[in-house]
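Structure below; questions to follow.
Values quoted throughout were computed directly from the atomic coordinates according to the rules given, and no laboratory measurement underlies them. Not measured: the values here are computed from a predicted model. Here Cβ is always computed from backbone atoms with ideal geometry, including for glycine, and neighbour counts include all displayed protein chains.
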Amino acid sequence: MAAIYGEEWCVIDDCAKIFCIRISDDIDDPKWTLCLQVMLPNEYPGTAPPVYQLNAPWLKGQERADLSNSLEEIYIQNIGESILYLWVEKIRDVLIQKSQMTEPDPEVKKETEEEDVGCEDDILLACQPENPLKALDFDVSENQTAGTAARMVEIEELPPIDHGIPITDRRSTFQAHLAPVVCPKQVKMVLAKLYENKKIASATHNIYAYRIYCEDKQTFLQDCEDDGETAAGGRLLHLMEILNVRNVLVVVSRWYGGILLGPDRFKHINNCARNILVEKSYTNPPEESSKAFGKNKKVRKDKKRSEH
């Protein structure tokens, strides 16, 4: 896939076999773009399908359902075979048809709810603040449930912060930091506390992402920050989505050692994050989630066969 699609294909987490490909209707002048993110279980392609996620700010409702159904139909028709190439080209065909029928909506903006978050670099870059703390400089009263005094105390308190084991490669060092959070105000508090540490404050990049589950709306409040490492925050957030973590902030500090790492830097960032999330029991092993997904697919496949 890397040989076919070049820079459009990227490795998010090599250990967990998580990959992402950016697909556009036109390479030179794209009007519609979508990110397909996949996690390949150990049983793929023999007996299990890829775990996939479609990310684009404009992809909603029936349009999302129709595209998902098309991908699942391709899997059913090609069980036991590699289908990623077929999926990518199907999505590209859909985008080409869409570009011929409509024009892009100029009002499309990055959303904070989970199903609407895209991973396009241009959208991510357009939303990057100059100062990581400025991104959280907003009124959080709507996110604070009017309840007991104990709840308010919980929100006002600085959450505990854990630090992961550093990864060093060619003189660059990566280290993850993690804290449980239930509102954006706590995210800001944790970041401020981390930046009090001179070593962390002097890092070349402090990439972060957080996901907070809103019980009343049954949606996720989430955001990310590159801090100068283009698209790194979005990839970190996508990893957290794939791992289905909630109420947690992950910050990955990188100290640049003078040698360019290329795509390996993203692998190290996500490995640091994944390691500390697993260590602190925020996620199940990827094998479990992939088996559960495969089981659901098998039930749907058997049901579809019985209907014919």
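Modelling each spin label as a point 7 Å along the Cα-to-Cβ direction, I'd like the SER82/ALA65 distance in nm, to one decimal.
3.4
Can you list the residues of the range 170-193 with backbone N under 20 Å from a point 7 Å past the Cα of GLU157, pointing along Cα to Cβ?
Label zone hits: 178-193.
Let me ask another. I need the shape label for the range 1-72. Rule: rounded when a/c is under 1.5, else prolate if a/b > b/c, else oblate, with a, b, c from the alpha carbon gyration tensor.
Oblate is the answer for the range 1-72, as a/c is 1.5 or above yet b/c matches or exceeds a/b.
Continuing with the same structure: Starting from the Cα of TYR5, step 7 Å along the direction of its Cβ; do the same at GLN97; then give the gap between the two resulting points in nm.
Those two pseudo-labels are separated by 2.0 nm.
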